[in-house]
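The values are calculated or read from the model by the stated rules, or taken from the named source; none is laboratory data. Since this is a predicted model, take the numbers as computed values, not measurements. All Cβ positions, glycine included, derive from the backbone under ideal geometry; neighbour counts span all protein chains shown. Side chains included, ligands, DNA and RNA excluded: accessible areas come from the protein's heavy atoms. Shrake-Rupley method; radii C 1.70, N 1.55, O 1.52, S 1.80 Å.
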Amino acid sequence: MPLDLTRRLFLTTSAALLASPAIAQTKPSLDTYLVPPEHEPVIVRLRDTFEPGSLLVDPNTFSLYWLLEPRVALRFIVGVGRGDLYEAGRFTIGAKKEWPSWTPTKSMIERNPGAYAKYADGMPGGPGNPLGARALYLFDEVRGDTFLRIHGTPEPWTVGSAVSNGCVRLVNAHIQQLYDMVPIGANVVLYSKRAAA
């Protein structure tokens, strides 16, 4: 069942984010890339109350909220799954890993064998690994490990767009900050994408 974003989460900071033009960059160098000021984490006040210690992701504004208080959150700008690869739902953090290894899923290999088949046996963690510096593993009651992650990225310029294979990605420095705050068992809600007009 889709999770509609029925609560109005955002104040002027989110409206300003939506109004700001996207920064067009094509594969800049990791050494020279600077995170835009509007992509830096910011504390926001929410109109409705939520459980402190929860993570909420709104794919429509590329925002992840870490609830500090019932109406106060630390907002991070994230990248989300492209097209129908994004999966809305309710999850818990079932594992956390620093510099995690990565293995593409079978469906990723089927969709793009040229890019992923060579990593079928996995890739060790490190600066070039697609999961980046840290990963939070999303679990649910039916599947256990869903293979969905909230993770870093070696391509920080993709944050603020829908380009991933389903996971939520943050700039490495931001996932490192978030990782230290989020405990195992924390609740996560990935809200649904709005239908295109």
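Below are the figures for this structure:
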{"read-out": "Protein accessible area in the range 75-114, 1.4 Å probe - carbon and sulfur %", "value": "47"}
{"read-out": "Low-density loop cleavage sites - GluC sites (Glu not before Pro) in the range 97-188, where at most 11 other Cβ are within 10 Å (DSSP)", "value": "E141"}
{"read-out": "Between the range 89-120 and the range 55-77, the Cα center-to-center distance that results, in Å", "value": "24"}
{"read-out": "Where a label projected 7 Å from the Cα of A120 along Cα→Cβ would reach, residues of the range 64-87 with amide N under 12 Å", "value": "none"}
{"read-out": "Whole-number accessible area per residue in Å² for the range 149-197, which is evaluated in the context of all protein chains at 1.4 Å", "value": "38"}
{"read-out": "Around I150: net Lys/Arg minus Asp/Glu count, Cβ-Cβ under 13 Å", "value": "+4"}
